[in-house]
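Chemist: Before I ask anything, let me first share the structure, which is written out below as structure tokens.
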Amino acid sequence: MRHIGWIAGATATVLVAAGAITYAVADGGGSGTRTPAADSADAGFARDMAVHHQQAVEMSYIVRDRTKDVEVRRLAYDIAQTQANQRGMLLGWLDLWELPKVSPDPPMTWMGMGDMASGKDGSLMPGMATNTEMKRLGTLDGKQAEVLYLQLMTDHHKGGIHMAEGCVAKCAVGVEKRLAQGMVDAQQSEITLMADMLKARDAKARD
């Protein structure tokens, strides 16, 4: 599909920009902002989005082995590479800030939503697939695997967008806010693309 090349280009721009500013983030973006506290939105977003991204990477590599469809495999590869790189940045920032990668508080506490995600069956945050859904994806092939992947990833992106918008609103470090906005823009575009791909397979996103 025509959208994929545009999305890949936009993603590359976000990653290059984010990589260039990694060390700026460590000192608050060079704007006098103090290093974020362990319970800040900046640290909370970095921790939670790293976990959220990891599942997207795993899901994408599963479907790459379950289908021969070029478009789905390309999309899955792009998502896996983008989110693996972003995850590395988020964890790297926590290292540079000398903050723990694990919090004693429930996920989403930094957004005031620590009591929302039950964590039941591995779904720790909004949009995350359950362990059962991940296992099922690994048993399907061809069109069935493609449809389930596109549905699960659409849900995953919707949850990720909600989190990224939370960082845009609450994070104090400017470069992290801009990276979060880049995530919102890219994932919204991918949701539109996945809706078209589902329609082509006589399916649609889940309610």
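Chemist: Scan the range 171-183 and tell me whether some residue there is assigned to a helix (DSSP H, G or I) and within 29 Å of Asp69 (Cβ to Cβ).
Modeler: Narrowing the range 171-183 to residues assigned to a helix (DSSP H, G or I): 174-183.
Next cut, within 29 Å of Asp69 (Cβ to Cβ) only: 182-183.
Yes, the conditions are met somewhere in the range 171-183.
Chemist: Follow-up question, since we're still on this one. Under 7 Å by Cβ, and 6 or more places apart or on different chains, what pairs join a residue from the range 183-207 that is open to solvent by 50 Å² or more (accessible area, probe 1.4 Å) with one that is of a type in the set (Val, Ile, Thr)?
Modeler: Short answer, once both residue conditions are applied: Gln188/Ile161.
Chemist: Is there a residue being open to solvent by 40 Å² or more (accessible area, probe 1.4 Å), modelled with pLDDT of 95 or more, more than 19 Å from Ser189 (Cβ to Cβ) and over 17 Å from the mean Cα position of the chain (by Cα) anywhere in the range 21-32?
Modeler: Quick first cut of the range 21-32, residues open to solvent by 40 Å² or more (accessible area, probe 1.4 Å) only: 21, 23, 27, 30-32.
In the following step, the residues that additionally are modelled with pLDDT of 95 or more were identified as none.
Within the range 21-32 (the criterion being open to solvent by 40 Å² or more (accessible area, probe 1.4 Å), modelled with pLDDT of 95 or more, more than 19 Å from Ser189 (Cβ to Cβ) and over 17 Å from the mean Cα position of the chain (by Cα)), the answer is no, since none of the residues qualifies.
Chemist: For Ser103, are the conditions met, namely being surrounded by 13 or more Cβ atoms within 10 Å (Cβ to Cβ), part of a loop (DSSP other than H, G, I, E, B) and in contact (Cβ under 8 Å) with a residue 12 or more places away in the chain?
Modeler: On the way: surrounded by 13 or more Cβ atoms within 10 Å (Cβ to Cβ): yes; part of a loop (DSSP other than H, G, I, E, B): yes; in contact (Cβ under 8 Å) with a residue 12 or more places away in the chain: yes.
Here the answer is yes, as Ser103 does meet what is asked.
Chemist: Identify the residue in the range 150-161 that is open to solvent by 20 Å² or more (accessible area, probe 1.4 Å) and in contact (Cβ under 8 Å) with a residue 40 or more places away in the chain and, among all such residues, is nearest to the chain's Cα centre (by Cα).
Modeler: My answer is Asp155.
Chemist: On the given criteria, is Ala18 in a helix (DSSP H, G or I), modelled with pLDDT under 95 and open to solvent by less than 20 Å² (accessible area, probe 1.4 Å)? Outline the logic, then answer.
Modeler: Values: in a helix (DSSP H, G or I): yes; modelled with pLDDT under 95: yes; open to solvent by less than 20 Å² (accessible area, probe 1.4 Å): yes.
For Ala18, the condition - in a helix (DSSP H, G or I), modelled with pLDDT under 95 and open to solvent by less than 20 Å² (accessible area, probe 1.4 Å) - is met.
Chemist: Evaluate the following for Met108: is it hydrophobic (A, V, I, L, M, F, W, C), surrounded by 13 or more Cβ atoms within 10 Å (Cβ to Cβ) and touching a His at 6+ places or on another chain (Cβ under 6 Å)?
Modeler: no
Chemist: Still on this structure, I have one more. Pull up the range 40-96, narrow it to residues that are among the basic types (Lys, Arg) and part of a helix (DSSP H, G or I), then point me to the one that is surrounded by the fewest Cβ atoms within 10 Å (Cβ to Cβ). Give the steps one after another, and end with the answer.
Modeler: First, the residues of the range 40-96 that are among the basic types (Lys, Arg): 47, 64, 66, 68, 73-74, 87.
Narrowing the set further to residues that are part of a helix (DSSP H, G or I) leaves 47, 64, 73-74, 87.
On the way: Arg47: 23, Arg64: 18, Arg73: 17, Arg74: 15, Arg87: 19.
Among residues in the range 40-96 that are among the basic types (Lys, Arg) and part of a helix (DSSP H, G or I), the one surrounded by the fewest Cβ atoms within 10 Å (Cβ to Cβ) is Arg74.
Chemist: For residues that are in contact with a Pro (Cβ under 7 Å, 6 or more places away or on another chain) and under 25 Å from Leu150 (Cβ atoms), tally how many sit in the range 74-118.
Modeler: Final tally of qualifying residues: 1.
Chemist: Taking the options Arg64, Arg87, name whichever one is without any contact (Cβ under 8 Å) to a residue 24 or more places away in the chain and of a type in the set (D, E, K, R).
Modeler: Values: Arg87 fails: without any contact (Cβ under 8 Å) to a residue 24 or more places away in the chain.
The unique qualifying residue is Arg64.
Chemist: Give me the residue from the range 112-149 that is in a helix (DSSP H, G or I), modelled with pLDDT of 95 or more and of a type in the set (Gly, Ala, Ser) and, out of that set, surrounded by the fewest Cβ atoms within 10 Å (Cβ to Cβ).
Modeler: Of everything passing the filter in the range 112-149, Gly142 is surrounded by the fewest Cβ atoms within 10 Å (Cβ to Cβ).
The values are calculated or read from the model by the stated rules, or taken from the named source; none is laboratory data. Note that this is a predicted model, so its numbers are computed, not measured. Here the Cβ is made from the backbone with ideal geometry for all residues, glycine too, and neighbour counts use every protein chain on show. With ligands, DNA and RNA removed, areas are computed over all heavy atoms of the protein, side chains included. Shrake-Rupley method; radii C 1.70, N 1.55, O 1.52, S 1.80 Å.
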